[in-house]
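*Asks:* Before anything else, here's the structure in question.
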Amino acid sequence: MELMDNGNLVLLSENQTILWQSFDYPTDTLVLGQSFSENMRLKSFPYELNLHYHLMFKSGDLILFAGYRTPQVYWMMSNDTRKAVIKPGGKVSSATLMGNSWNFYDQRGGLVWQFNISEQSDPNALWAAVLGSTGTIEFFNLLKAKSEIAESFKIPSGSCTTPSSCSPFKSCFMENLCQCSVMLSSFNDCKPRIPALCDNATDSLSVRLLDVGTRFDYVALEFTKPQMKSSISECKSACLQNCSCVTMFYQNATRSCFMFGNIGSLRHPGVGDAGYYLSLKVSNEVDYIHKEFIPARGNGFDVRYYRKKSRSFVLESSREALEEDNFFNNITGVPVRYSYNDLKVATKNFSVKLGQGGFGSVYLGLLDDGTKLAVKKLEGVGQGKREFRAEVSIIGSVHHVHLVKLKGFCAEGSHHRLLVYEYMENGSLDRWIFNKNNDRGKNFLDWESRFNIALGTAKGLAYLHDMCDVKIIHCDIKPENVLLDENFVAKVSDFGLAKLMNKEQSHIVTTLRGTRGYLAPEWITNCSISEKSDVYSYGMVLLEIIGGRKNYNPNHEVKEKAHLPSYAFKMMEQGSMNLILDPRLKVEDQQDGRVNTAIKVALWCIQDDKTLRPSMTRVVQMLEGLCPVPQPPIPSQSASWIFTGLVRCSGVKSQILSWRRASYSSTARTSVSAVQLSGPR
């Protein structure tokens, strides 16, 4: 017996022929020059639960699999894009470490694939490939054994790519970070009590399926064919009746049912991937314990104990989580669903706050490709659940240049609800028109910019009201909800309070919502609302854009100017509409027709009688000069003009109507001007 220089231990006959050699019986390591061929296998040292990983050739390919009762393949050489293909379509049957590469050959010895395992060019490097206990093949230079540092090249590549990336049933994400899902967090170390596989003592009545939720993935799914095509209920029934089934995955889009025995760690699906629905077979006798830490004090010492939460508590949480998952899965055109940890990383643990509102805060986020995001983190989620769902379902299904784009969302358990928007470089409109310093500083908009913002906002609302499958009433139009991109293009945002109407409906009845100061009179008088309620709010915003100030300021130095709408009506009656314009603006021609047009449009929009208000589509046409804009009624008159061009752009005809004085008096406004009822802005 002789140990060769290459590490091969050989048994020689008298004539020096090899009778036996260790290279034919590898364990977990291959060294330079050692041929690894069919009928050979690498086997790792055991991992948790005595799990081994294996490397072998199968059907002309090299595969890695986890040694469960039913082997689970999680990597195939043919799928690895890092290899150089020398002979397309070739079938490999052996591999040898040569120089700085791992070469793969067919049965005739022809080179088929080649892996470069190191960027080093040292011709004296002595490479070894080691299959580790976590299922990853790493490469070491034995001449640098003291360092014990592996090359960055690994098989499989990336993170969360083996069943042992985390402990069983925990979810792997980012750089092999581990997390226990909400539905499994009630179990000790995230491990439910799994019944023994095909144990005669275990019958179908003693087990049940625990619905863990959606948005899960598992490394072996990519290499596994579904056991059946079915509905999810049929898949569950099949798993319950199959004693070998412990873990069930279901893909809704393809109706694919996958059944596994024991599995390793789960992982989060990729961005844009809907993932799989997951159920686990657990014992009916499982004691649901939710450990809740409770501090107490006594006799000068800290006393700590844990209180068990009832089974009903956990089951109720389970039902709520699944109900929410089902809600989002059934939304047409649902945007990307991010994990909480994805957004935590993107926002650097929510370190840069862009703004704050009633339901939460908005933070700056950054994706790996440099794309900026605005991440709204809802706080006090119990109050905002309905608003959160409304925003995801509504804005996620509509797309328009003047509507802010919802790029994604996060819904994990009852604590994490976040909305991910495109980042708007110039923030919200209020910071540009309500300049506290009363100067023409860097946050000042000229008339051209203001007019384009007003027109863009009108187009966004017109789209919501008239161009979607259903009417969408925003219910909270105000400057804080008009965002500006880097080119000052206006985009309507924040649909948390929006309501839907069928095309046939002329009005709906709903609870009070929105922001006082922008609420139409019908909100206050408990009358039914319609898209015309948005028109009123838009009119108030348009007046503020024109005047460069809030619609009500009780501390204004000129008392008659305290309430901007009342002042605007008075100036129009006196023929001095130029006095309504922000005095800081320098309009080249004081007779600029667009200024007078915009003022009259705003005053039409804030009519007390909603039947007099134009539609947002008509507002766009009036601002673009496609329709004439008649003089709007003045509150002090006993009669007013009805605007009949709302349906056809055919001119104006007058008709006497009784005029109900608009609720614009400064005294009436004092009590409602500043109180906000809406969510995060």
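Just so it is clear, none of the values below were taken in a lab; they were calculated from the coordinates. Only a predicted model underlies this, so the values are computations on that prediction, with no experimental measurement involved. Methodologically, a virtual Cβ is constructed for each residue, glycine included, from the backbone with ideal geometry; neighbour enumeration extends over all protein chains shown.
*Asks:* Sort Ile606, Ile263 so the one with the fewest other Cβ atoms within 10 Å of its own Cβ comes first.
*Replies:* Ile263, Ile606
*Asks:* Fewest Cβ neighbours within 10 Å first, please rank His268, His399, His474, His52 accordingly.
*Replies:* His399, His52, His268, His474
*Asks:* Which of the pairs Lys154/Lys348; Lys376/Lys478; Lys191/Lys376 have their Cα atoms more than 21 Å apart in this structure?
*Replies:* As for pairs spanning more than 21 Å Cα to Cα, those are Lys154/Lys348; Lys191/Lys376.
*Asks:* OK, next. Mind checking the full-extension length gain between Ile634 and Asp430? Use 0.36 nm per residue of separation minus the Cα-Cα distance, one decimal, nm.
*Replies:* Here the answer is 70.7 nm.
*Asks:* To continue, here is another question. Taking amide H positions as placed 1.01 Å from N in the peptide plane, with prolines and chain starts having none, which residues 5 or more places from Val212, or on another chain, fall under 5 Å of its amide H?
*Replies:* Leu278, Ser279, Leu280
*Asks:* Here is a further query. So what are the radius of gyration and Dmax for the Cα set of the range 47-117, in Å?
*Replies:* Every Cα atom of the range 47-117 included, Rg and Dmax give 13.5, 41 Å.
*Asks:* Right, another one. Fewest first, what order do Met467, Met259, Met540 take by the number of other Cβ atoms within 10 Å?
*Replies:* Met467, Met259, Met540
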